[in-house]
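What follows is a short report on a single structure.
The values are calculated or read from the model by the stated rules, or taken from the named source; none is laboratory data. Source: prediction; values computed, not measured. Every residue, glycine as well, gets a Cβ built from its backbone with ideal geometry; the counts of neighbours run over all protein chains shown.
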Amino acid sequence: MTLVDGGANVALFSSTAERVEFCRFDEDGTEHRTELRNRTGYTFHDVVPDVTVGTRYGFRVHGAWDPANGLRHNAAKLLLDPYATAVDGSYEWGQALFGHDMEDPEQIDETDSASAMPKSVVADRAFDWDGDQLLHTPYADTVVYEVHVKGFTKQHPDVPEEIRGTYAGLAHPAAIKHLTDLGVTAVELLPTHQFVQDSTLADKGLRNYWGYNSIGFFAPHDEYSSSGTAGQQVTEFKEMVKALHAAGLEVIMDVVYNHTAEGNHMGPTLSFKGIDNASYYRLVEGDEGNYFDTTGTGNSLNVSHPSALGLITDSLRYWVEEMHVDGFRFDLATTLTRQDGEAEKHSAFLDIIHQDPVLREVKMIAEPWDTAGYQVGGFPADWSEWNGKYRDDLRSFWRGDEGTLGDAVQRTLGSPDVYEGSRRSPLCSVNFVTAHDGFTLADLTMYAEKHNEANGEDNNDGESNNTSFNGGIEGPTDDGAVNDYRDRQRRNFLGTLMLSAGVPMMLGGDEIARSQGGNNNAYCQDDEISWFDWEAADQDLLAFTTAAIAFRKQHAALRPIWYRTAPGDSESTVQVLRADAQGFEDGDWADAGNRAVILVLQQGDDTVAVLMNASDTTVEFTLPEKPGGGTWSLGLSSDPDQAVEGDATSLLVRDASFTALV
């Protein structure tokens, strides 16, 4: 939509529609319909009068109702504009929102949905960026902080109550100060596209907290706006980005282009389904009444069709050019590479990103799996990936599992076994131990089992295999020895994350030991289970995490842009040694009980030696000769009592701890 004198030039794609009506709504809900009289190719368009900034609108699309052949047009249903930059209002769940009769799904339902639907809004695009630009922080210098817009400030005592849990709250100086004092360089926001609060959760008295239920790929989610929802959310989002940029913080969006909130053949008709079902969604070949689903949500976007692919790339460009976003994390990214069912490294989606002059310059991070396949290491060289192997292998190692040392070394060195063979960089690996989906770090070290009873599914939801360990007691305890062990393990995870080659990503709140009470699937907990409890913040862990990030920034040896040897180099920048400072032999790796290693990391004149002991006893390490001469000194340790004598030739490293020497 483009505003012109006296109205707007309105366009809508549909290859199967017979007629399209633009529906403008007054404040009292009165509807005014204007038929789009012109058609170019498959795009209906016209100049519609009386459309201005703030106009609330939708579409009605006339055409065939033939679900068995993938046609689900129903002009009784008001549809959101796929290109709307703002959405206002909520859903009143019931028959009106469904194109089909809920008792007889093959039959059309002619109940008008306008009064039950939110409306698209014409937002004001004007904004004074005051010279703001994308930051382009190098991956090697990036530390990502995954965070929820609402949960971060909803209970923050220094953020004014009226803006807590909003874009403005995240932009408040008190919120930004925590991030800059911590030392992270980018916030990765859980979904902020307009998403749907679905009826299934509402019926249970729950809410979709995470937001992986998108319906508007150009619109910032309205519930996170403190200034209004009639387009003001667009300006507030821009103000947030501008404030974060001014503090040196990049903004990465977690985007959900793999599916929408319309679900499968039994789902509601809110937008795409009623506009051009077969163009926007993948249907089962030969059974077009059903949806091909590799997302576990009921549908998958049809990235093999130009309309759906164009929608995605137009959306991405909009968020970069109009909203100044620095990058994207793609939820279930593998689905976007499936043109004909199989994941393809040279899919149209990936090829378009690669050649696009706007998108190829920003951070692209894949969640490299979907319900049909695990593709870690399978994305192009200019993409980074959430490395699930890092999470799994480091958890196993620090839990003390046998036979995990070799994998832990690979992960700490940037997963060369995954990326080096295809000449990809360690910076392709986004390392993480915890994320929104699963235990928080505090709970990973406090619970052996999930405790998701509050989700209303009898604790059957969420991952049961978490590779967690509670130290011998389930949940909170006053046992000093257990708490000391848990504290040390939290430092082990956060410290190892900052010592590893690759791009570290930490879950927001881990630095203050945020707990969800053992809930490892809090997607529906928009309450104190998920919100940051700032009053209970672990200040000692916060201080350690801040020191660990600072230590990473101080040492180039921890931030290599290539593996052991860069192309053309003759000397290795990594030594992997046994506890006696000798090189590993084949039999050493085969020793399932071996849980101790020395990593000597070097970049130029900078050297760091990392001593890791995941066993249940103290290990005496022989200190290797320091490259360039001199003595080792203490840099960072998960053991607060660790000390290093200036002329020491060996060092005792206690059970379940690491020490980094410089």
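So here's what we get for this one:
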{"quantity": "Single condition Thr496 does not satisfy, out of (1) in a helix (DSSP H, G or I); (2) over 20 Å from the mean Cα position of the chain (by Cα); (3) more than 30 Å from Asp141 (Cβ to Cβ)", "calculated": "(3)"}
{"quantity": "Residue among Asn9, Asn69 that alone is under 27 Å from Pro220 (Cα atoms), surrounded by fewer than 18 Cβ atoms within 10 Å (Cβ to Cβ) and either of a type in the set (Ser, Thr, Tyr) or out of contact with any Lys or Arg (no Cβ under 7 Å at 6 or more places or on another chain) (or both)", "calculated": "Asn9"}
{"quantity": "Subset of the range 386-413 (residues that are within 24 Å of Thr573 (Cα to Cα) and charged (D, E, K, R))", "calculated": "Lys389, Asp393, Asp407, Arg411"}
{"quantity": "Residues within the range 207-234 that are of a type in the set (Phe, Trp, Tyr) and more than 23 Å from Cys524 (Cβ to Cβ), tallied", "calculated": "1"}
{"quantity": "Single residue of the range 205-216 satisfying the filter (of a type outside the set (A, V, I, L, M, F, W, C) and farther than 12 Å from Val121 by Cα) that is surrounded by the fewest Cβ atoms within 10 Å (Cβ to Cβ)", "calculated": "Gly205"}
{"quantity": "Residue count for the range 121-141, restricted to those that are under 19 Å from the mean Cα position of the chain (by Cα) and among the polar types (S, T, N, Q)", "calculated": "1"}
{"quantity": "Looking only at the range 315-348, and only at residues there that are over 29 Å from Asp132 (Cα atoms) and hydrophobic (A, V, I, L, M, F, W, C), the one that is surrounded by the fewest Cβ atoms within 10 Å (Cβ to Cβ)", "calculated": "Ala348"}
{"quantity": "Checking Glu361 against (1) surrounded by fewer than 18 Cβ atoms within 10 Å (Cβ to Cβ); (2) more than 29 Å from Val184 (Cβ to Cβ), the condition it does not meet", "calculated": "(2)"}
{"quantity": "Residue check, Gly29 touching a residue at least 24 places away in the same chain (Cβ under 8 Å) and farther than 28 Å from Ala64 by Cα", "calculated": "no"}
{"quantity": "Those helices (runs of 4 or more DSSP H) lying entirely in the range 253-360 with at least 3 residues within 18 Å of His193 (Cβ to Cβ) and not aliphatic (A, V, I, L, M)", "calculated": "272-280, 306-321"}
{"quantity": "Filter result (outside any strand (DSSP E or B) and surrounded by 20 or more Cβ atoms within 10 Å (Cβ to Cβ)) within the range 40-61", "calculated": "Val51, Thr55"}
{"quantity": "Within the range 245-264, tally of residues that are charged (D, E, K, R) and touching an Asp or Glu at 6+ places or on another chain (Cβ under 9 Å)", "calculated": "2"}
{"quantity": "The range 109-134 residues that are free of Cβ contacts under 8 Å to residues at least 40 places away in the same chain and in the same structural domain as Val61 (by TED's automatic domain parsing), paired with ones that are charged (D, E, K, R) and assigned to a loop (DSSP other than H, G, I, E, B) (beta carbon under 9 Å, 6 or more apart)", "calculated": "Asp109/Lys77; Thr111/Lys77; Asp112/Lys77; Ala116/Glu92"}
{"quantity": "Helices (runs of 4 or more DSSP H) (entirely within the range 401-481) containing at least 3 residues that are over 21 Å from Asp526 (Cβ atoms)", "calculated": "405-412, 416-419"}
{"quantity": "Matching residues in the range 22-39 - criterion: being surrounded by fewer than 19 Cβ atoms within 10 Å (Cβ to Cβ) and either more than 38 Å from the chain's Cα centre (by Cα) or of a type in the set (Asp, Glu) (or both)", "calculated": "Asp26, Glu27, Asp28, Thr30, Glu31, His32, Arg33, Glu35, Arg37, Asn38, Arg39"}
{"quantity": "Hits in the range 579-593 (condition: modelled with pLDDT of 95 or more and out of contact with any strand residue (DSSP E or B) (no Cβ under 7 Å at 6 or more places or on another chain))", "calculated": "Gln582"}
{"quantity": "Residue within the range 521-532 that is over 22 Å from Ser396 (Cβ atoms), over 18 Å from the mean Cα position of the chain (by Cα), buried (at least 24 other Cβ atoms within 10 Å of the Cβ) and in contact (Cβ under 8 Å) with a residue 24 or more places away in the chain present", "calculated": "no"}
{"quantity": "Single residue of the range 533-543 satisfying the filter (in contact (Cβ under 8 Å) with a residue 60 or more places away in the chain, part of a helix (DSSP H, G or I) and under 25 Å from the mean Cα position of the chain (by Cα)) that is surrounded by the most Cβ atoms within 10 Å (Cβ to Cβ)", "calculated": "Trp534"}
{"quantity": "Subset of the range 1-26 [in contact (Cβ under 8 Å) with a residue 24 or more places away in the chain and among the acidic types (Asp, Glu)]", "calculated": "Glu18, Glu21"}
{"quantity": "Selection within the range 255-282 - touching a helix residue (DSSP H, G or I) at 6+ places or on another chain (Cβ under 6 Å) and of a type outside the set (S, T, N, Q)", "calculated": "Tyr257, Glu262, Pro268, Phe272, Tyr280"}
{"quantity": "Residue, farthest from the chain's Cα centre (by Cα), within the range 613-651, restricted to residues that are aliphatic (A, V, I, L, M) and under 18 Å from Val600 (Cα atoms)", "calculated": "Ala648"}
{"quantity": "Criterion: surrounded by 19 or more Cβ atoms within 10 Å (Cβ to Cβ), more than 20 Å from the chain's Cα centre (by Cα) and not in a loop (DSSP other than H, G, I, E, B) - qualifying residue of Ala202, Ala219, Ala168, Ala230", "calculated": "Ala168"}
{"quantity": "Unmet requirement for Glu162, which otherwise passes all of (1) surrounded by fewer than 23 Cβ atoms within 10 Å (Cβ to Cβ); (2) assigned to a loop (DSSP other than H, G, I, E, B); (3) not aliphatic (A, V, I, L, M)", "calculated": "(2)"}
{"quantity": "Unmet criterion (only one of (1) assigned to a helix (DSSP H, G or I); (2) assigned by TED's automatic domain parsing to the domain that holds His45; (3) closer than 24 Å to Pro220 by Cβ) for Asp81", "calculated": "(1)"}
{"quantity": "Matching residues in the range 52-109 - criterion: being within 33 Å of the chain's Cα centre (by Cα), more than 16 Å from Ser14 (Cβ to Cβ) and hydroxyl-bearing (Ser, Thr, Tyr)", "calculated": "Thr55, Tyr57, Thr85, Ser90, Tyr91"}
{"quantity": "Complete set of residues in the range 389-400 that are under 21 Å from the mean Cα position of the chain (by Cα) and either more than 15 Å from Asn492 (Cα to Cα) or in a loop (DSSP other than H, G, I, E, B) (or both)", "calculated": "Lys389"}
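The rows are residues; the columns are (1) in contact (Cβ under 8 Å) with a residue 12 or more places away in the chain; (2) under 23 Å from Leu311 (Cβ atoms).
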site: Arg338; (1), (2): yes, yes
site: His346; (1), (2): no, yes
site: Glu361; (1), (2): yes, yes
site: Ile365; (1), (2): yes, yes
site: Pro368; (1), (2): yes, yes
site: Gly373; (1), (2): yes, no
site: Val376; (1), (2): yes, no
site: Arg391; (1), (2): yes, no
